[in-house]
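Visitor: Before I ask anything, here is the structure I am working with.
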Amino acid sequence: IWSLGCCVLEMLTLELPYGAANYDQQLQLHYLYRLSQEQEDPSLPGSLSDGAREFVTRCLRVEPTQRSNTLKLLHTNFVDVGDKVHTRATRMRA
């Protein structure tokens, strides 16, 4: 879910999330380690719509147990696919 949030944020802003463009390829592993040590949710650009901000925020929570699962993300204002997918996904899990 966290990676999905990073991808969506990159597509919306056309920039690497978390300022990763400031690191060359050799430092990216160190950079990923630093990200894993973060204690606060990331700040997001003010240019995001409310729906996009909600979606990305739900994906990028620092605490993994606080992140939304895929079914919850499908019902955010940013995606909202309705009840069809929820019913179908529920049947697939059974």
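Visitor: Cβ-Cβ below 7 Å, separation at least six or inter-chain, first residue in the stretch 34-46 and part of a loop (DSSP other than H, G, I, E, B), second surrounded by 12 or more Cβ atoms within 10 Å (Cβ to Cβ) and among the polar types (S, T, N, Q): which pairs?
Guide: Pairs found: 41/57; 44/57; 45/13.
Visitor: Among the residues of the stretch 47-66, write down those that are of a type in the set (Val, Ile, Thr) and part of a helix (DSSP H, G or I).
Guide: Of everything in the stretch 47-66, those that are of a type in the set (Val, Ile, Thr) and part of a helix (DSSP H, G or I) turn out to be 56, 57, 65.
Visitor: While we're here: Which of the residues belonging to the stretch 30-69 are open to solvent by less than 90 Å² (accessible area, probe 1.4 Å), among the hydroxyl-bearing types (Ser, Thr, Tyr) and either in contact with a His (Cβ under 8 Å, 6 or more places away or on another chain) or at pLDDT 90 or above (or both)?
Guide: Restricting attention to the stretch 30-69, the residues satisfying the condition of being open to solvent by less than 90 Å² (accessible area, probe 1.4 Å) are 31, 35-36, 38, 41-42, 44-46, 48-49, 51-62, 64, 67-69.
From the residues that got through so far, the ones that are among the hydroxyl-bearing types (Ser, Thr, Tyr) too are 31, 36, 49, 57, 68.
Correct list: 49, 57, 68.
The values are calculated or read from the model by the stated rules, or taken from the named source; none is laboratory data. The model shown is predicted, which means the values in this text are computed figures rather than measured ones. A quick note on method: Cβ atoms are made from the backbone with ideal geometry, for glycine too, and the neighbour counts reach across all protein chains shown. The accessibility values were calculated without ligands, DNA or RNA, using every heavy atom of the protein model including side chains. Shrake-Rupley method; radii C 1.70, N 1.55, O 1.52, S 1.80 Å.
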